[in-house]
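Q: Attaching a single structure in structure tokens format; questions to follow.
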Amino acid sequence: MTRQDMSAIPNGDLLVILRHGPHGSSWLREGLDAALVAAAFGQRVSLLFLGDGVMALLGGQQVGPLGQKGTQPMLEMLGMYDIETLLVDRGALVERGIGVSDLSVTVSLVESEDIANVLAHHRQILNF
Amino acid sequence: MTRQDMSAIPNGDLLVILRHGPHGSSWLREGLDAALVAAAFGQRVSLLFLGDGVMALLGGQQVGPLGQKGTQPMLEMLGMYDIETLLVDRGALVERGIGVSDLSVTVSLVESEDIANVLAHHRQILNF
Amino acid sequence: MILHILNRSPSASRIFQQALDAMGPDDRLLLIEDAVQGALPQLVRYFEPVIGRLFALREDLVSRGLEGRCDDRVLVVDVDGFVTLTEEADKTVSWF
Amino acid sequence: MILHILNRSPSASRIFQQALDAMGPDDRLLLIEDAVQGALPQLVRYFEPVIGRLFALREDLVSRGLEGRCDDRVLVVDVDGFVTLTEEADKTVSWF
Amino acid sequence: MRYALLVQGGPYSHQASHSALRFAQAVVARGHHLATVFFYHDGVYNAARLSAPPQDEPHLLDAWRRLNDEHGTELLVCIAAGLRRGLLDEREAARHGKQGHSLEAPFELTGLGQLIEAGSHHDRLVTFSP
Amino acid sequence: MRYALLVQGGPYSHQASHSALRFAQAVVARGHHLATVFFYHDGVYNAARLSAPPQDEPHLLDAWRRLNDEHGTELLVCIAAGLRRGLLDEREAARHGKQGHSLEAPFELTGLGQLIEAGSHHDRLVTFSP
């Protein structure tokens, strides 16, 4: 998404911001849970991955050393719940040297200067 | 404490590092509790205030809005438990514009390059 | 207008940068809890882009001994003012 | 020799700087949990002063899909290696 | 206005619960209706019925109960977050074959859907996190 | 060598408890004696006896119990941190006039002095925090 296509910024009922990576804490899983439940309640839900949150999207994740599931299976459920809008801060990928082809799901890139617009276009925001 | 007086770096049984300010979390209080208990068990205890931890030393602190006590009373107990070595990262004070005269207790300033030596001079370290 | 609420010290956490990046031109930022340190003249530079719409919670300044030490450009509000800020905003976002 | 253990991502938290400041010339630093991100070639610069004695925990890299993406100069150890590091150190300090 | 709060910090560990309570009291003092407090993540620990803080510290559990008592605020605890962390009411304890319970009225174990509904139906949702 | 661990993170919220358990298992597998695990700050929640995680997630409480069972590791919970957070054994519940309890053997409520002693008497102390 470039500044030229601001019209492409999706409107929605709920924006769930995900700022934590997998395994280190339960924030990512709890944020995805909230998104899935909102979608099940018929809301139009978008996800915005900022900072360490982009680590959620990296392919090749495994269960944790004690068998913790991780969040890959939850990402695969998003489509079934009609959560199609996965917005990713391009700067956070660049900072980590991660390319779009390294990601396990299809996403839309957002420039830093468009993030505020994404927030403005949603009625409600939950930040995890 | 300057680099010239490395000999002044105290030896001790336990170094408690305090890196959190008052009120925001229980880390500071729990760290001070550990220090007081160790002293009561007869250990030679030193405190090292790093980063936000220096906020613990600022004069004029009050109870929290719901009546939370804060940590000022615990600082006043240190002397009674023979905890005399209060080491403070000079850089953390400078970064916040806090002078030694703003502090509620007497401290020794430590330069950044001497912090490693402080750690090396104590048998055991607890980091809060 | 969105009210952004930050509770982490800018000396310890980089999260303030995410909050700033997410703020629109009319959005406001309220510093609470450990974030009120950011109202010190020496640390307020982190919040330079939102000066004029940067608030700090009085009760959290007072309990930390910081009330008289704030930069003049920080707008200090008490908890009633915090409620007013939420009334005036369309929605709120908390950064932690 | 002290083993320092860090569990916070250097992108989110500034705590890594406190750990680095506190390290003596022979001390070692082990990245675990969210800190293993620091082993990426793009982020390892934060740990430049301790290259050669910078370790990262394999299990935490693997679970995050990072195992094949580390900078060559990071010494990757599994949890047995973690125990060995604690055996070899006089004491440990955890930064969080 | 109708307000909902989302509390995600554990009591005593972080200021989040204290901040939320202080804000809650100011909301009702200004004549708003505080309809819902939803506890998620470590916030669920606010409902631990056996909490026994020292007498010279704020008793957070009692303060939450008082909000319910005096203002009808519903105190909702995410059931998934609660079960992992050992917060069960009598019904859930029985269902999981456990003796005793750790959560009781006026706190209620509910699904995340109640958070989503609170966000939709009330005018403002304010989050307090650790 | 004799090891002690200090666990300060709550279960399921942060990886600290998982990391500590994994390290504990490696310590005993290498033939060391894991003498003590001390729970402080939110780590005390690891002892919540009613914990009921989903069946496809690691059961941390059972894993701690197994360490005690198989290796005699003492599981010590800071009493001051525990009481604030609602972790009481039967004796403390009675003392505070509460019905029921939330912590039971092999977990023991103890003072911070036991942490200090563990740090002095064992060869290594390793901390896992949130």
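Q: C:Arg73 - would you say it is more than 10 Å from the chain's Cα centre (by Cα), free of Cβ contacts under 8 Å to residues at least 12 places away in the same chain and more than 10 Å from every other protein chain (Cβ to nearest Cβ)?
A: No: the conditions fail for C:Arg73.
Q: For residues in region A:30-65 being more than 26 Å from D:Gln42 (Cα to Cα) and charged (D, E, K, R), which is surrounded by the most Cβ atoms within 10 Å (Cβ to Cβ)?
A: A:Glu30
Q: Before we move on, is A:Gly21 in a loop (DSSP other than H, G, I, E, B) and on the phi > 0 side of the Ramachandran plot?
A: So A:Gly21 fails the test.
Q: Here's a follow-up. Mind counting the residues in region E:1-60 that are facing another protein chain (nearest Cβ under 8 Å) and of a type in the set (Gly, Ala, Ser)?
A: Number satisfying all stated conditions: 9.
Q: Any idea how many residues of region C:1-13 are more than 9 Å from chain B (Cβ to nearest Cβ) and part of a loop (DSSP other than H, G, I, E, B)?
A: 2
Q: Looking only at region A:37-47, count how many residues are touching a strand residue (DSSP E or B) at 6+ places or on another chain (Cβ under 8 Å) and facing another protein chain (nearest Cβ under 9 Å).
A: Of the residues in that region, 2 qualify.
Q: Now, a different point. Please indicate, with yes or no, whether at least one residue in region C:54-66 is over 20 Å from B:Val63 (Cβ atoms), among the small types (Gly, Ala, Ser) and surrounded by 20 or more Cβ atoms within 10 Å (Cβ to Cβ).
A: No, region C:54-66 contains no residue that is over 20 Å from B:Val63 (Cβ atoms), among the small types (Gly, Ala, Ser) and surrounded by 20 or more Cβ atoms within 10 Å (Cβ to Cβ).
Q: Being acidic (Asp, Glu) and under 14 Å from the mean Cα position of the chain (by Cα) is the filter here, so list the residues in region F:90-130 that pass it.
A: Scanning region F:90-130 gives F:Glu104, F:Glu108.
Q: So which residues in region A:96-126 are of a type outside the set (A, V, I, L, M), farther than 12 Å from A:Leu47 by Cβ and not in a loop (DSSP other than H, G, I, E, B)?
A: A:Arg96, A:Ser101, A:Asp102, A:Ser112, A:Glu113, A:Asp114, A:Asn117, A:Arg123, A:Gln124
Q: Quick check on my filter: what residues within region C:14-35 are touching a Gly at 6+ places or on another chain (Cβ under 9 Å) and facing another protein chain (nearest Cβ under 9 Å)?
A: C:Arg14, C:Ile15, C:Gln17, C:Gln18, C:Asp21, C:Glu33, C:Asp34, C:Ala35 - these are the residues of region C:14-35 that are touching a Gly at 6+ places or on another chain (Cβ under 9 Å) and facing another protein chain (nearest Cβ under 9 Å).
Q: Name the strands (runs of 3 or more DSSP E) wholly within region C:14-96 that hold at least 2 residues that are farther than 29 Å from A:Gly53 by Cα?
A: Passing ranges, in order: C:75-77.
Q: Only residues that are of a type in the set (Val, Ile, Thr) and touching a helix residue (DSSP H, G or I) at 6+ places or on another chain (Cβ under 8 Å): list them for region A:48-102, please.
A: Within region A:48-102, A:Val54, A:Val63, A:Thr71, A:Ile83, A:Val88, A:Ile98, A:Val100 qualify.
Q: I need a count of the residues in region F:17-50 that are small (Gly, Ala, Ser), under 28 Å from E:Gln99 (Cα atoms) and in contact with an Asp or Glu (Cβ under 9 Å, 6 or more places away or on another chain).
A: Residues that pass the stated criteria total 1.
Q: Additional query: Tally time: how many residues in region C:16-48 are surrounded by fewer than 22 Cβ atoms within 10 Å (Cβ to Cβ), β-branched (Val, Ile, Thr) and in contact with a Phe, Trp or Tyr (Cβ under 9 Å, 6 or more places away or on another chain)?
A: 0
Q: Of everything in region E:91-110, what is outside any loop (DSSP other than H, G, I, E, B) and out of contact with any strand residue (DSSP E or B) (no Cβ under 7 Å at 6 or more places or on another chain)? Give them in sequence order.
A: Answer for region E:91-110, where residues must be outside any loop (DSSP other than H, G, I, E, B) and out of contact with any strand residue (DSSP E or B) (no Cβ under 7 Å at 6 or more places or on another chain): E:Arg91, E:Ala93, E:Ala94, E:Arg95.
Q: Also, quick follow-up: B:Ser104 passes all but one of (1) more than 10 Å from every other protein chain (Cβ to nearest Cβ); (2) closer than 26 Å to C:Leu43 by Cβ; (3) not basic (Lys, Arg); which number fails?
A: (1)
Q: Quick check on my filter: what residues within region F:85-130 are more than 10 Å from chain E (Cβ to nearest Cβ), without any contact (Cβ under 8 Å) to a residue 60 or more places away in the chain and buried (at least 24 other Cβ atoms within 10 Å of the Cβ)?
A: F:Ile116
Q: With the requirement that a residue be within 13 Å of chain A (Cβ to nearest Cβ) and loosely packed, with under 15 Cβ neighbours inside 10 Å, what does region D:79-91 give you?
A: Listed by number, the list holds a single entry, D:Asp80.
Q: While we're looking at this one, here's another question. Of all the residues that make up region A:80-128, how many are under 19 Å from D:Gly65 (Cα atoms) and either touching a residue at least 24 places away in the same chain (Cβ under 8 Å) or surrounded by 15 or more Cβ atoms within 10 Å (Cβ to Cβ) (or both)?
A: Total satisfying the criteria: 11.
Q: Same structure again: Taking the criterion of being within 25 Å of A:Phe128 (Cβ to Cβ) and crowded, with 22+ Cβ neighbours inside 10 Å, would at least one residue in region F:72-84 satisfy it?
A: Looking for residues that are within 25 Å of A:Phe128 (Cβ to Cβ) and crowded, with 22+ Cβ neighbours inside 10 Å, one finds none in region F:72-84, hence no.
We did not get these values from a lab; they are worked out from the coordinates using the rules stated. This one's a predicted model, so the numbers in the text were calculated from it and none came from an experiment. Neighbour counts are summed over all protein chains in view; Cβ atoms, including those assigned to glycine, are modelled from backbone coordinates with ideal geometry.
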